[in-house]
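Read the figures in this text as sums done on the coordinates, not as results from a lab. This is a predicted model, so every value here is computed, not measured.
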Ligand SMILES: [Zn+2]
């Protein structure tokens, strides 16, 4: 698999407008900085990647995690070296969703990325103890509210990760609400720094897309 590289915001991984200074955060991050320190995305969440990611996520094709995880590892490598003590931790599913799906797609990606980069992986570190509705159709503020307080770290994992650098892995970042809340959970446990490594980043909406005015305002701020 091959994905063309494109200039992205170092904080949130949104594609940068042409002419935007390389390495500078985007205008959205200046107005609404995310909780995590930086973000890497391998792909835009657009065709032909959307059906592929849907197969990984919803259609029982966990084997796709290997090539897609390697794409993510390549994107992380292209962004420069990270500490070899970084611990890779996937965004969790609720126990109910895990049972329903049979696997956590973010966990599979996290294992592949950690293996490719020679890093430690803690696939069970974070738990989602609230079962939330699927968030694809929610506005950004609703997403943030729904996910607040939804995650926790097991006490022994909190001790283990205290003072460490963590790379959170997820399949798709849209508004960043989930990754922001996971970052708050990790910081509360004393984690030193948090990066977000996502396979795909939802690009800014165009007018006429199925998003709300509030979403557009945040994206275009
Ligand atoms: Zn940004």
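Listed values, structure above:
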{"item": "Prolate/oblate/rounded label for region 36-123 (Cα gyration tensor, a/c 1.5)", "result": "oblate"}
{"item": "For the chain: rounded, prolate or oblate by the Cα gyration tensor [a/c cutoff 1.5]", "result": "rounded"}
{"item": "Value of relative contact order over the chain, rounded to a whole percent, pairs C-alpha under 8 Å and six or more apart", "result": "26"}
{"item": "Structure-based [θ]222 nm, the chain - -39500 (n - 2.57) summed over DSSP H runs of at least 4, per residue, nearest 500", "result": "-11000 deg cm²/dmol"}
{"item": "Cα centroid of region 143-197 to Cα centroid of region 65-129, whole Å", "result": "13"}
{"item": "Convex hull volume of region 6-81 per residue (C-alpha atoms, cubic angstrom)", "result": "112"}
